[in-house]
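Visitor: The structure is given below, and queries will be raised subsequently.
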Amino acid sequence: QVQLVESGGGFVQPGGSLRLSCAASGFTLNHYNVGWFRQAPGKEREGVSCISSSDGSTNYTDSVKGRFTISRDNDKNMVFLQMNSLKPEDTAIYYCAVDKLVGVRCARHAYEYDYWGQGTQVSVSA
C-alpha cells in the first residue's frame with residue numbers, strides 16, 4: 001500500500017515558476033527523508049533536493065540553490081518543491097523518493113532511495 005504520486009509539472013517559460021507536490025499514502029511521510037530527483041533524456045537521474053526527517057534540514061544541488069525550495073506539510077502527508085526562475089536546463093521528469101532507512105542524513109544518490117513516484121514532466125522553453 002506504499003504509494004507516492006507527483007503532480008504539478010507542466011510547460012512554463014524561462015523565468016517562470018512551478019510547484020511540484022509529492023503525496024504519500026500507506027505510510028507517514030514525516031518519518032522519512034524525502035528527496036526530489038530529475039532525469040532529462042539521455043542523462044542520468046540526479047538529486048535536486050532533500051528534506052530530512054530528523055530536524056527538517058534541507059539540501060540542494062548547486063544548480064538550483066536560491067531558486068528551488070523543498071518543504072513539508074505533515075498534516076497533508078505531502079512534500080513540495082517550489083521552483084522559481086526556471087531555466088531550460090531544468091527540463092526533465094521530476095520524481096519524489098523516500099529513503100526507508102530511518103535516522104540518517106539525506107542520501108545523495110538515487111540508488112539509496114526505496115520508494116518512488118511515477119514522475120511529473122517539467123518543460124521550460126520560450
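The values are calculated or read from the model by the stated rules, or taken from the named source; none is laboratory data. Not measured: the values here are computed from a predicted model. Because the Cβ atoms are built from the backbone with ideal geometry, glycine has one as well, and the counts that use them run over all protein chains shown. Just so you know, the surface numbers come from the protein's heavy atoms only, side chains and all, with ligands and any DNA or RNA stripped out. Shrake-Rupley method; radii C 1.70, N 1.55, O 1.52, S 1.80 Å.
Visitor: Consider Asp55 carefully, then state whether it is acidic (Asp, Glu) and touching a Ser or Thr at 6+ places or on another chain (Cβ under 9 Å).
Guide: So Asp55 fails the test.
Visitor: Taking the stretch 38-55 as the search range and keeping residues that are among the acidic types (Asp, Glu) and over 11 Å from the mean Cα position of the chain (by Cα), which one is nearest to Leu81 (Cα to Cα)?
Guide: Asp55
Visitor: Look at Ser63 and say whether it is farther than 22 Å from Ser7 by Cβ, in contact with a helix residue (DSSP H, G or I) (Cβ under 9 Å, 6 or more places away or on another chain) and at pLDDT 95 or above.
Guide: So Ser63 fits the description; yes.
Visitor: Go through (1) free of Cβ contacts under 8 Å to residues at least 24 places away in the same chain; (2) part of a loop (DSSP other than H, G, I, E, B); (3) closer than 19 Å to Val2 by Cα one by one and return the number of the condition Gly42 breaks.
Guide: All conditions pass for Gly42, except number (3).
Visitor: Could I ask something else about it? Only one residue in Gly26, Gly35, Gly9, Gly16 is surrounded by fewer than 13 Cβ atoms within 10 Å (Cβ to Cβ) and either over 12 Å from the mean Cα position of the chain (by Cα) or modelled with pLDDT of 95 or more (or both), so which one is that?
Guide: Gly26
Visitor: Can I ask one more? Looking at Ser21, Ser49, which is the one that is buried (at least 16 other Cβ atoms within 10 Å of the Cβ), free of Cβ contacts under 8 Å to residues at least 40 places away in the same chain and not aliphatic (A, V, I, L, M)?
Guide: Testing whether each residue is buried (at least 16 other Cβ atoms within 10 Å of the Cβ), free of Cβ contacts under 8 Å to residues at least 40 places away in the same chain and not aliphatic (A, V, I, L, M) leaves just Ser49.
Visitor: Taking the residues in the stretch 58-76 that are touching a residue at least 40 places away in the same chain (Cβ under 8 Å) and assigned to a loop (DSSP other than H, G, I, E, B) as candidates, determine which candidate is most open to solvent (accessible area, probe 1.4 Å).
Guide: Ranking the candidates gives Lys76 first.
Visitor: Could you identify the single residue in Val102, Val79 that is of a type outside the set (Phe, Trp, Tyr), at pLDDT below 95, closer than 17 Å to Thr28 by Cβ and touching a strand residue (DSSP E or B) at 6+ places or on another chain (Cβ under 9 Å)?
Guide: Among Val102, Val79, only Val102 is of a type outside the set (Phe, Trp, Tyr), at pLDDT below 95, closer than 17 Å to Thr28 by Cβ and touching a strand residue (DSSP E or B) at 6+ places or on another chain (Cβ under 9 Å).
Visitor: From (1) open to solvent by 10 Å² or more (accessible area, probe 1.4 Å); (2) of a type in the set (A, V, I, L, M); (3) in contact with an Asp or Glu (Cβ under 9 Å, 6 or more places away or on another chain), pick out the condition that doesn't hold for Val102.
Guide: The one condition Val102 does not meet is (3).
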